[in-house]
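In what follows, a single structure is set out as structure tokens and then discussed.
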Amino acid sequence: MSAPREALPDADGRFGGFGGRYIPETLMPAIAELESAYRSAAADASFQRELDDLLANYAGRPTPLTLAQNLSEQLGPRIYLKREDLLHTGAHKINAVLAQALLARGMGKRRIVAETGAGQHGVATATACALLGMECVVYMGAEDVRRQSLNVFRMKLLGADVRPVHSGSRTLKDAINEAIRDWVTNVATTHYLIGSVVGPHPYPEMVRDYQSVIGREARAQLLELEGRLPTAAVACVGGGSNAIGLFHAFRDDPVRLIGVEAAGEGLDGRHAATLSRGAPGVLHGARSYVLQDPQGQILEAHSISAGLDYPGVGPEHAWLKLAERAEYVSVTDSEALGGFELLCQGEGIIPALEPAHAVAYLPTLAEELGPEDIVLLNLSGRGDKDMGTVAEALGVTL
Amino acid sequence: MSAGDPGDRLARAFARARAEGRPALLPFFPVCWPERDATQEIVRAAVEGGADAIEFGFPFSDPLADGVTNQRAYEEAIANGATLERLFAASADLRAQDVRVPFLIMGYFNPLLAYGAGRFVRDAAEAGIDGLIVVDLPPEEAAEFQALARAAGLHVVYLLAPTSTDERIARVARAASGFIYCVSVAGVTGLRAELPPALPELIGRVRARTDVPLVVGFGISAARHVREVGRIADGAAVGSAFVEVIREAPRERRAERVREFVRGIAGRDPAAPGAD
């Protein structure tokens, strides 16, 4: 296993050949301003105190590390779940949202735009904006508005203006396009609060830093409980923020890092397995892997999970794959539903469909491992939002 | 070939417009749209109407700097089967018919990458293309692509916006070739009633740092906009308004409507239909 030696990204926002800033000129000054605000905040003890206080007393950090007793007995290795599902708003998204909202306030920007797929990032953003008294506009693909009507209602209750996006595939990628168009138009007053480790530099680095609390906590908790590191750290990958958040603390450790992508209907059908089946390209401001046709037009992704339904992936994941520091696998919609049921019935935990993909990979992974091995899984969100989707998939009328 | 070279079609176009005391007019429309084979007819009609250069929009599935007019046209062009091969074939045919105005390709980076950057600049130059405007390729990311393009004899045109700092203007001025595309307003492409009042300030800041021709685009949709631009800059790019004209025209009258629109907005003949 080759551990990365130098700190990435470099000064130009590059992870090897990936990352960078492929954005219209209008946004370049805003990106420079954001990077400078982010660097200042990182060195500012009072910013860090305020963020830590919000994460602890508002969002609910640290989150527990739960030994999945029944699953461990059933599968072999000791399986630990990092319980990001227990955070306020129901997923890990709130970690980076609170930090970016504080940054925006510090830059004097009182208007926030965000994209959302499953609605988790939109809910977290609407929550932070309500808390800090900021205007909040959330762009959401019209197809996702339909699939995630409960989260749409939550965002509206929190005071957000939810705008359905009808262009393109009417999912997450189109919501990002529309959020960027809004940002270009209102850049003087507006911060684009990106929910994943995608987009132009410094977003992939910044969101990683704000999410890496997940892995830092889990690593310390595991050392406390078990006195050793896990054999493998596993997380689902759409854009890749919860996976990077888990992986980052283990980057220099002898720990397998495993990202689980959404294979949708199967890798030969419609899917969202960008790293498994995509090719290098430029989308949404960064060079990374993308799902594209031979002409370089971006393909529509498909996953039962709206949060993984994205034809791109964070540039650091592209680099981790190419450097062979992380492994990327995929599970289908129906396998993910199996993972969902496994955790519901085995542990009494209803996961979101996104981490249900990671859970679904556990039986396969366990075949290579024994009872002496430890597997750390990032349970990035809870499943309340997915009741409608799961019921529909199981043929149940609510 | 480089800016100022007498063999340079772009430099000649700006010089001619300047000599006639008006801004150069650069209509923009997506290739292979409204039908796959519509490109050549639209170019010929635009040139007959007085276009000084043509911007071929190459469609992209995720055009994040474009407003709804161009988004919709791009989606339709992709559905029509727009490819760079078809763009190059149309361009080469037009050159063979002795159409001499400069041709530019305006688009996003990913389709160019997918085609292969080296192959793209070579085939573009061979097809008679003069310059490239890649809206999501700022100079920071363009070093390798610019070197390939220059070696093939193509201009790489960069954009500046009202948000551009003086440092960025200086950087773009150093890298500039052909012209600088000044985005009139912080926003996406699309029709606007009036030019932004801050436009002269941007043009002034850019002009103070370069002698390269300056073209204003985004929101230019009427003859009076073109006249206003002519007082401060060297050219006007007309995109969404032109795209609307093409969309609205019945197919059998399209060439006539395109000629009329370009003639009117170019402002050479204030009595022409379309002039306001």
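The values are calculated or read from the model by the stated rules, or taken from the named source; none is laboratory data. Given the structure is predicted, the values throughout are model-derived calculations rather than measurements. Cβ coordinates were reconstructed from backbone atoms using ideal geometry, including for glycine residues, and neighbour counts include every protein chain displayed.
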For the range B:30-62, enumerate the residues that are within 14 Å of chain A (Cβ to nearest Cβ) and surrounded by fewer than 23 Cβ atoms within 10 Å (Cβ to Cβ). B:36
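Within the range B:22-55, which residues are in a loop (DSSP other than H, G, I, E, B) and either more than 19 Å from residue B:157 (Cβ to Cβ) or aromatic (Phe, Trp, Tyr) (or both)?
Correct list: B:22, B:32, B:33, B:34, B:35, B:36, B:37, B:38, B:50.
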With the condition kept exactly as written, say whether any residue in the range A:4-21 is surrounded by fewer than 21 Cβ atoms within 10 Å (Cβ to Cβ), modelled with pLDDT of 95 or more, more than 12 Å from chain B (Cβ to nearest Cβ) and assigned to a helix (DSSP H, G or I). no
Surrounded by fewer than 24 Cβ atoms within 10 Å (Cβ to Cβ) and touching a strand residue (DSSP E or B) at 6+ places or on another chain (Cβ under 7 Å): which single residue out of A:289, A:328 fits that description? A:328
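So which helices (runs of 4 or more DSSP H) stay within the range B:151-235 end to end and still have 1 or more residues that are within 12 Å of another protein chain (Cβ to nearest Cβ)? It would help to see each step written out before you state the result.
Numbers: elements: B:166-175, B:199-207, B:223-232.
Answer list for the range B:151-235: B:166-175, B:199-207.
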Which pairs have Cβ atoms under 6 Å, sit 6 or more apart or on different chains, and link a residue in the range A:54-70 that is in contact (Cβ under 8 Å) with a residue 60 or more places away in the chain to one that is of a type in the set (S, T, N, Q)? A:65/A:221
Looking only at the range A:151-165, decide whether some residue is touching a helix residue (DSSP H, G or I) at 6+ places or on another chain (Cβ under 6 Å) and in contact (Cβ under 8 Å) with a residue 60 or more places away in the chain. yes
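Would you check which residues across the range A:366-398 are in a helix (DSSP H, G or I), touching a residue at least 12 places away in the same chain (Cβ under 8 Å) and surrounded by fewer than 24 Cβ atoms within 10 Å (Cβ to Cβ) and list them?
A:366, A:384, A:387, A:388, A:389, A:390, A:393
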Condition first: under 27 Å from residue A:17 (Cα atoms), buried (at least 24 other Cβ atoms within 10 Å of the Cβ) and of a type in the set (D, E, K, R). Can you find one or more residues in the range B:160-176 that meet it? no
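For the range A:315-333, indicate whether the set of residues that are among the β-branched types (Val, Ile, Thr), touching a residue at least 40 places away in the same chain (Cβ under 8 Å) and assigned to a loop (DSSP other than H, G, I, E, B) is non-empty. Even if it seems obvious, please write down each step before you answer.
Pass one, the range A:315-333, residues among the β-branched types (Val, Ile, Thr): A:329, A:331-332.
Checking the rest, the ones that are also touching a residue at least 40 places away in the same chain (Cβ under 8 Å) come to A:329, A:331-332.
Among the residues that remain, those that are also assigned to a loop (DSSP other than H, G, I, E, B) are: none.
Within the range A:315-333, none of the residues are among the β-branched types (Val, Ile, Thr), touching a residue at least 40 places away in the same chain (Cβ under 8 Å) and assigned to a loop (DSSP other than H, G, I, E, B).
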Residue count for the range A:276-303, restricted to those that are within 10 Å of chain B (Cβ to nearest Cβ), in contact with a helix residue (DSSP H, G or I) (Cβ under 9 Å, 6 or more places away or on another chain) and free of Cβ contacts under 8 Å to residues at least 40 places away in the same chain: 9
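Give me a count of the residues in the range A:26-64 that are away from chain B (no Cβ under 14 Å) and crowded, with 19+ Cβ neighbours inside 10 Å.
Residues of the range A:26-64 that are away from chain B (no Cβ under 14 Å), as a first pass: A:37-64.
Filter again for crowded, with 19+ Cβ neighbours inside 10 Å, leaving A:37-38, A:41, A:51, A:54-55, A:59, A:61, A:63.
Total meeting the criteria: 9.
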Are there strands (runs of 3 or more DSSP E) fully within the range A:157-270 with at least 2 residues that are crowded, with 18+ Cβ neighbours inside 10 Å and aromatic (Phe, Trp, Tyr)? List them. none
